[in-house]
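Below: the structure, in structure tokens.
The values are calculated or read from the model by the stated rules, or taken from the named source; none is laboratory data. Since the structure is predicted, the reported quantities are computational estimates derived from the model, not experimental observations. As a convention, Cβ positions derive from the backbone with ideal geometry for all residues, glycine included, and neighbour counts pool all protein chains shown. In case anyone asks, the SASA skips ligands and DNA or RNA and just uses the protein heavy atoms, side chains included. Shrake-Rupley method; radii C 1.70, N 1.55, O 1.52, S 1.80 Å.
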Amino acid sequence: MEYLRSVSPVLTLWSHTHDHLREITPDHVREALASLPSSSARTQALISLRSLFRHLRAQRLIFKNPTLASHLAPSAFLRSCP
């Protein structure tokens, strides 16, 4: 249930501009994650999207998983450590 809750804003956003999840590209994933308010929301949404697209790919409902190229930048506190 948590996966669905975290990915719901992204899927709602995409539903306005796309007819099928096959149309989603890695750029769409990056844009959607960037639109989320916090790093924890982005992380959870990416985990959920990876799970969703992995399942769709296994069921042969999509041809390519657009989340494979998506990585989140390290947190600011990690960059400040020597």
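Observations on the structure shown:
- Highest mean first, the peptides 27-38, 43-54 sorted by other C-beta atoms within 10 Å per residue fall in the order 43-54, 27-38.
- Summed residue charge, Cβ within 14 Å of LEU49's Cβ, Lys/Arg positive, Asp/Glu negative: +4
- Exposure rank, largest accessible area first [THR17, THR67; 1.4 Å]: THR17, THR67
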